Amino acid sequence: MRKLLLLPLAALAGCGGYLSVRVPHQLPDSPNAAAARPYLGALYLVVKTPEKPGEDNLSGLAGALLGKAGPEMNFQALGRSAARALKQPGSRVCAWRVEKGGGPPSAFAARLNPSGILVITLGRPSVSAKKEERSAVQYDKKRQKQTVKNKVWVYGASLPAQFHLLAWPGEAVLDSWADVFTVAEDRFDKTKDEADWYAENERKLLGALSEKLAARYAGRRVDRFRPVFSAEDDTEAEHAVDLAGAGRWDEAAEIWQARAGEGGGWRDHLGLAVAAELRKNYEEAEGHYRRAQELAAGDKAAKPVRWGQIYRDLETARSLPGARGCDKGWFGVKTAVLPFSDETTSVDGPQLARQLLFAQLKEAGYSLLPLEKTEEILRQRGYSDGGQLRAARPEQLAEWLGAGRLIYGDITDYGEIMAGVYNRRMVKGSARVWEAGEPEISFEESVVRVKTPKSLLGGLAGQLAKGLTERLKNKPLAYEAGIFSRQAAENLPAAVK
């Protein structure tokens, strides 16, 4: 047997006539693991957002300022975190997107051709800061017991979520469950704003969710212990077990195979079964386990063998999907991000929003026509700004640009307004996607802020590609435009690299 297969046997323990052999398995926590696993090799992840509160009136702004609407989530961070967690043997996320309008989770599935669809339906996250009393027992210099009480501020956040694993095609429900994920921290004072604390700790909350996903579907290493028996006054059987204990499984298997062929007993078939399981030849292993169980019927010596666990493990191991590539056809279509139309008084805003959306789509795996080349071709045809593009047929624009897909953008609000005590910073607009022979896709996004992070670059760093944030630090409403571009891009599938 190859040396690689000897590694799981580093810990062998003698146990009254048999050796306990460590056999590693990657076992999911899902009760439907065997049925679900064939659908995990090329997943399409859909994040369904909680209902968004209104933002267009003063009360909505006040609620945002006071935190009554709950903290704002970074759905992109969730998609990426879940995809990383599920990138393991037997599971992989090929693409993810955010569904904000109550549409079916299967949207885009026909183009992405996944093995299955994993839907995460989020509830609204909550964050709080409460003063609590903590008691601790201490001993003074005289070894006298004392109880010391302290006041602390307990910051905490919770996120409820429901999960559905669907087969594709057909959308049959393979698995369904729900959980609430929490994170907490004790602080000595309440100097930290709750929303800021949430933003700093959201990664931990999303990490807990992603870790649970990985454990349920990708699985985690579980060491099983299989007994390999010798027999009293059977020198050859004892020698085979000694060879196995020394990691010389090929030699041990030769002995068991020869004895089994001559009408050997259940111990020989059990040894062959464990050897095959270590080689990950699960069909051969089950055959020998079944024969060993049949021959061991009524023999009390076989009591340590957990037959039921063995067969469940083998069924799960056999259901591990084979390697499957992700269908990149959707992302391979040459895409042009057209100049945005502008209904605002901002000179730089629409252009900045377009640049940021381009950066988001590039990071998401799209094949994009460079912005400068798009502008140059359109200028040659007499189109110098986005508002003029309404007069042109998309088919004609696509032909000029050599693109199979066009993305239009329209910025309707881009500015800062003082409204009493509120300093409202707003970026609002819409986008639509045209592709020949496909239904048009449209969506709207609105970003309203009553404050911006103290560190603009720090706030943007998690949203944009490296090197882009430095060029934005002097741009108007760069942070809000970064959020707008991220939220707009989330409406379309993002490839997982």
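Are there any GluC sites (Glu not before Pro) in the stretch 171-264 that are in a DSSP loop and have at most 13 other Cβ atoms within 10 Å? List them by number. The partial results should precede the final answer.
Details: sites: Glu171, Glu185, Glu194, Glu200, Glu202, Glu211, Glu232, Glu236, Glu238, Glu251, Glu254, Glu262; in loops: Glu171, Glu232, Glu262.
Those that pass, being in a loop and sparsely packed, are Glu232, Glu262.
Quick one: order His239, His269 by neighbouring beta-carbon count within 10 Å, fewest to most.
Numbers: His239 14, His269 24.
The most exposed by this proxy come first: His239, His269.
For Glu440 and Lys87, what does the FRET efficiency come to when R0 = 35 Å and r is the distance between their Cβ atoms, rounded to the nearest 0.05?
Details: r = 33 Å, r/R0 = 0.95.
So, using R0 = 35 Å, E works out to roughly 0.60.
For the residue pair Lys192 and Asp29, what label-to-label distance in nm results when each label sits 7 Å from Cα along the Cα-to-beta-carbon direction?
Placing both labels 7 Å beyond Cα along the Cβ direction yields 2.5 nm.
In whole Hz and in residue order, list the ³J(HN,Hα) couplings for the stretch 378-386 that follow from phi through the Karplus curve 6.51 cos²θ - 1.76 cosθ + 1.60, θ = phi - 60°; x for Gly and Pro.
Result, rounded to whole Hz: 5, 5, 5, 9, x, 10, 10, 8, x.
Val333's amide H: which non-local residues (gap 5+, or another chain) put their own amide H closer than 5 Å, with H modeled 1.01 Å from N in plane and none for Pro or chain starts?
Answer set, sorted by chain and number: Ser367.
In whole Hz, what ³J(HN,Hα) sequence does the stretch 260-273 give by Karplus (6.51, -1.76, 1.60; θ = phi - 60°), x for Gly and Pro?
So the J values, rounded to whole Hz, are 5, x, 9, x, x, x, 5, 5, 5, 5, 5, x, 5, 5.
For Val228, Val347, which order do you get if you count the other beta carbons within 10 Å of each Cβ and list the fewest first? Show your work: numbers first, answer last.
On the way: Val228 24, Val347 11.
Taking fewest neighbouring Cβ atoms as first place, the list is Val347, Val228.
Measure off 7 Å from each Cα along the Cα-to-Cβ vector at Glu236 and Glu133, then give the distance between these two points in nanometres to one decimal.
Rounded to a tenth, the inter-label distance reads 7.8 nm.
Could you give log10 I(q)/I(0) at q = 0.17 Å⁻¹ for the stretch 33-218, computed by the Debye formula over C-alpha point scatterers of equal weight, without solvent?
-1.06
For a Förster distance of 56 Å, can you work out the FRET efficiency between the beta-carbons of Glu294 and Ala208, rounded to the nearest 0.05?
Values: r = 46 Å, r/R0 = 0.81.
It comes out at approximately 0.75.
With a cut-off of at most 15 other beta carbons within 10 Å, and DSSP calling the residue loop, which chymotrypsin sites (Phe, Trp or Tyr not before Pro) in the stretch 186-288 qualify? Please list them. Spell out each step's value before the answer.
Numbers: sites: Phe188, Trp197, Tyr198, Tyr217, Phe225, Phe229, Trp249, Trp256, Trp266, Tyr282; in loops: Phe188.
Listed in order of number, the matching sites are Phe188.
Quote the FRET efficiency, to the nearest 0.05, computed for Glu416 versus Asp223 with a Förster distance R0 of 45 Å and r equal to the Cβ-Cβ distance.
On the way: r = 59 Å, r/R0 = 1.31.
So the FRET efficiency works out to roughly 0.15.
Return one number: the angle in degrees, 0 to 90 and rounded to the nearest 10, between the long axis of the Cα atoms of helix 282-295 and the longest principal axis of the Cα atoms of the chain.
Helix 282-295 and the main axis of the chain meet at about 40 degrees.
I'm spelling it out carefully: the read-out is Cα Rg over 2.2 N^0.38 Å, the candidates are (1) 1.00; (2) 1.30; (3) 0.96, and one was derived from this structure. Which label?
Answer label, from the structure shown: (2).
Compute the relative contact order of the chain as a whole-number percentage, counting only Cα pairs closer than 8 Å that sit 6 or more residues apart in sequence. Provide the component values of the computation, followed by the final result.
On the way: 903 pairs, mean separation 83.6, N = 497.
The normalised contact order for the chain reaches 17 percent.
Could you pull out the pairs from Lys212/Lys303; Lys100/Lys131; Lys87/Lys362; Lys280/Lys328 whose alpha carbons sit more than 29 Å apart here? Please report the intermediate quantities before stating the final value.
Details: Lys212/Lys303 34 Å; Lys100/Lys131 36 Å; Lys87/Lys362 21 Å; Lys280/Lys328 31 Å.
As for pairs spanning more than 29 Å Cα to Cα, those are Lys212/Lys303; Lys100/Lys131; Lys280/Lys328.
How far, in degrees from 0 to 90, does helix 75-85 lean away from the longest principal axis of the Cα atoms of the chain, to the nearest 10?
20 degrees
On the first, second and third principal axes, largest extent first, how far apart are the outermost C-alpha atoms of the stretch 253-335 in Å?
Ordered largest first, the stretch 253-335 gives principal extents of 69, 26, 14 Å.
On a 0 to 90 degree scale, rounded to 10, what angle separates helix 307-318 from the longest Cα axis of the chain?
For helix 307-318, the angle is close to 40 degrees.
Can you pull the percent of Cα pairs in the stretch 171-257 with separation above 19 Å?
The answer is 67 percent, as a whole percent.
FYI, it's all coordinate maths here, none of it is from the lab. Just so it is clear, the structure is predicted and the values come from calculations on it, not from any experiment. All Cβ positions, even for glycine, are placed from backbone atoms using ideal geometry, and neighbour counts span all protein chains on display.
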